[in-house]
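The values are calculated or read from the model by the stated rules, or taken from the named source; none is laboratory data. Predicted model, so just to flag it, every value in this text is computed and none were measured. Reconstructed Cβ throughout: ideal geometry from the backbone, glycine too, with neighbour counts over all protein chains shown.
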Amino acid sequence: MGLRLDIVTPERELFTGEVDTVLVPGAEGQLGILPQHAPLITVLDEGVLTARRGAESLAFAIHGGYMQVLSDHVIVLADVAEQAEEIDVERAEEARRRAEELLKKQPPPEEQRAAMAALQRSLVRLRVARRQRPYRPEREPES
């Protein structure tokens, strides 16, 4: 018996499906959810949500929100969430570079907080996008 996972944002239902496990970025650290988990409601932090379905691993960028766990159902109400395929890697890399450049200039505290948040969002997006790319071993040089 698996878990039903629903990932919802204010704009859309991002994912609904059966999974075996869910690993989420909780406000106080990573949380692992298995079937028959005790009921739980918690705040989510920014990070990578990973769901496993057999040998398949699904990754989502989660940017805050809440999670409710029932014995066989996990509901993620995310402020913002993205699937790996939706992430524009070039745009995320550019956002990372802009945030890092701004932080090097030691901006005022308010701008620094905004730059740190932008940097964190871009790093999460890049981690998720890279995790879902297929592994392609480099070829050995032909002799």
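Figure legend. Inter-residue proximity from segment 86-112: first residues more than 20 Å from Arg131 (Cα to Cα), second residues assigned to a helix (DSSP H, G or I) and among the acidic types (Asp, Glu), beta-carbon distance below 8 Å, spacing 6+ or different chains. Indicated pairs: Leu102/Glu111. For segment 60-77, the set of residues classified as farther than 16 Å from Pro10 by Cα and in contact with a Gly (Cβ under 9 Å, 6 or more places away or on another chain) consists of Asp72 only. Only one entry of Gly47, Gly65 meets the criterion of being at pLDDT 90 or above and out of contact with any helix residue (DSSP H, G or I) (no Cβ under 9 Å at 6 or more places or on another chain), and that entry is Gly65. Looking at segment 1-109, the strands (runs of 3 or more DSSP E) lying wholly inside it that each contain 2 or more residues that are aliphatic (A, V, I, L, M) and within 21 Å of Arg125 (Cβ to Cβ) sit at 3-8, 21-26, 40-53, 56-70, 73-78. Looking across segment 32-80, just one residue is over 16 Å from Glu18 (Cβ atoms) and of a type in the set (Phe, Trp, Tyr), and that is Tyr66. Restricting attention to segment 40-84, the residues being under 16 Å from Gln30 (Cβ atoms), loosely packed, with under 15 Cβ neighbours inside 10 Å and in contact (Cβ under 8 Å) with a residue 60 or more places away in the chain number 1.
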